[in-house]
Amino acid sequence: MASYIEVPMVPVPITAQTYVLLTAAGLLGWKLGTASTVLWLILGALGLPVLAGGSSGLDYFSGPTAGYLFAFPLAVAVVGLLFERGWNVKNVALAFLAMLLGHAVCLGFGGLWLALTIGPADAFLKGVLPFLVGGIIKSALAVGTILVADRFLSADHAH
């Protein structure tokens, strides 16, 4: 569903994908989080409407947004590993920093790929800059979501 929440922009739409992926990384850990992300991408490549705006197909893995798609599993692995090493909601500042690093991985790889297709200046202006504030907001939301989920899981184990 996160793929369907989007602000259409060219060449890269703003979606809730990184919020959900990085939240999953914090909750599931790097192995399960990365595996589920790769499976999601495979389903999108095979034609299931799970990518941005309900899109799908192999073309997205060679088009302007390919760098972001290929960065998703790496970003999930980075966040999951950092969470497993203590950069988690037991220290909210480190958890937030882990989420920011996950977004940086997505924007870095996505921006680099985009630079190959539209040039570095346009890639930064259209594929990185518009996503910086959103990355900060989605990072905070992801940490907040994990905090709430942890409280529910802890309360569930207490009974």
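The values are calculated or read from the model by the stated rules, or taken from the named source; none is laboratory data. Everything numeric here is computed off the predicted structure, so don't read it as measured data. No Cβ is skipped: glycine too gets one built from the backbone with ideal geometry, and neighbour counts run over all protein chains shown. In case anyone asks, the SASA skips ligands and DNA or RNA and just uses the protein heavy atoms, side chains included. Shrake-Rupley method; radii C 1.70, N 1.55, O 1.52, S 1.80 Å.
Points worth noting:
- In terms of its C-alpha gyration tensor, the range 1-87 comes out prolate, because a/c is 1.5 or above and the ratio a/b outweighs b/c.
- Karplus (6.51, -1.76, 1.60) ³J(HN,Hα), θ = phi - 60°, over the range 88-96, in Hz, Gly and Pro reported as x: 10, 6, 6, 9, 4, 5, 5, 4, 5
- L69 accessible area, 1.4 Å probe, all protein chains in place, Å² to nearest 10: 10 Å²
- The calculated 222 nm mean residue ellipticity attributable to helices in the chain amounts to -24000 deg cm²/dmol, summing -39500 (n - 2.57) over DSSP H runs of n ≥ 4 and dividing by all residues.
- Solvent exposure of F124, expressed as accessible area, is near 100 Å², computed with a probe of 1.4 Å over the protein chains only.
- Charge tally in the Cβ shell below 15 Å around A98, where Lys, Arg are +1 and Asp, Glu are -1, A98 excluded: +1
- Pairwise label distance in nanometres, I42 with D150, each label 7 Å out on the Cα-Cβ vector: 3.1 nm
- Fraction of the pair-distance distribution of the range 89-157 above 21 Å, Cα-Cα pairs, percent: 39 percent
- Residues I14 and V92, FRET efficiency given R0 of 30 Å [Cβ-Cβ distance, rounded to 0.05]: 0.75
- Whichever lysines have a C-alpha closer than 23 Å to that of K126, once near sequence neighbours (fewer than 8 apart) are set aside: K138
- Rounded to two decimals, the Cα radius of gyration of the chain over 2.2 N^0.38 Å is 1.03.
- The label-point distance for R85 and I5, in a model that sets each label 7 Å from Cα toward Cβ, rounds to 2.9 nm.
- The length gained by stretching the chain between A140 and S62 to full extension, at 0.36 nm per residue less their Cα-Cα distance, is 25.0 nm.
- Residues within the reach of a label modelled at L74 (point 7 angstrom out along Cα to beta-carbon, backbone nitrogen below 17 Å), restricted to the range 99-122, are 99-117.
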